[in-house]
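The values are calculated or read from the model by the stated rules, or taken from the named source; none is laboratory data. If you're wondering where the values come from, they're calculated on a predicted model, not measured in any experiment. FYI the Cβ positions are ideal-geometry reconstructions off the backbone, even for glycines, and counts take in every protein chain you see.
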Amino acid sequence: MEKIRKGDQVVVISGRDKGKKGEVIQVSNKGVMVKGISLVKKSVKKDPKKHPAGGYIEIEAPVNLSNVMLFCPKCNKPVRTGNIIDKNGKKVRICKKCRNIFE
């Protein structure tokens, strides 16, 4: 079971964006893409449809999984996660501090 999934709120715990919070856009083997975090400039050619002027655009770069932690809205801080089996027999993620269930 993945600890971090698409749509989760995460906090960056190390690196140049330390302390910033955002939503996970994509999870891959290289890391996670977080909305508004780890922005890099990319040069693009003129394209009449997408970029008529060309120039530079800012895009998100992947952040290593070890540099982000799941954010618990109940504790209001980054937390470790655990797994339990709920009443329906489904495996769910929980906050280790307050036992809040992540959906």
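Once the stretch 39-89 is narrowed to residues that are within 30 Å of R99 (Cα to Cα) and touching a Pro at 6+ places or on another chain (Cβ under 9 Å), the residue that is surrounded by the most Cβ atoms within 10 Å (Cβ to Cβ) is V68. Scanning the stretch 65-84 for residues that are under 14 Å from the mean Cα position of the chain (by Cα) and either of a type in the set (V, I, T) or not in a strand (DSSP E or B) (or both) yields L65, S66, N67, V68, V79. Does the stretch 11-20 include one or more residues that are more than 25 Å from C95 (Cβ to Cβ) and either at pLDDT below 95 or not in a loop (DSSP other than H, G, I, E, B) (or both)? The answer is yes, given that some residue of the stretch 11-20 is more than 25 Å from C95 (Cβ to Cβ) and either at pLDDT below 95 or not in a loop (DSSP other than H, G, I, E, B) (or both).
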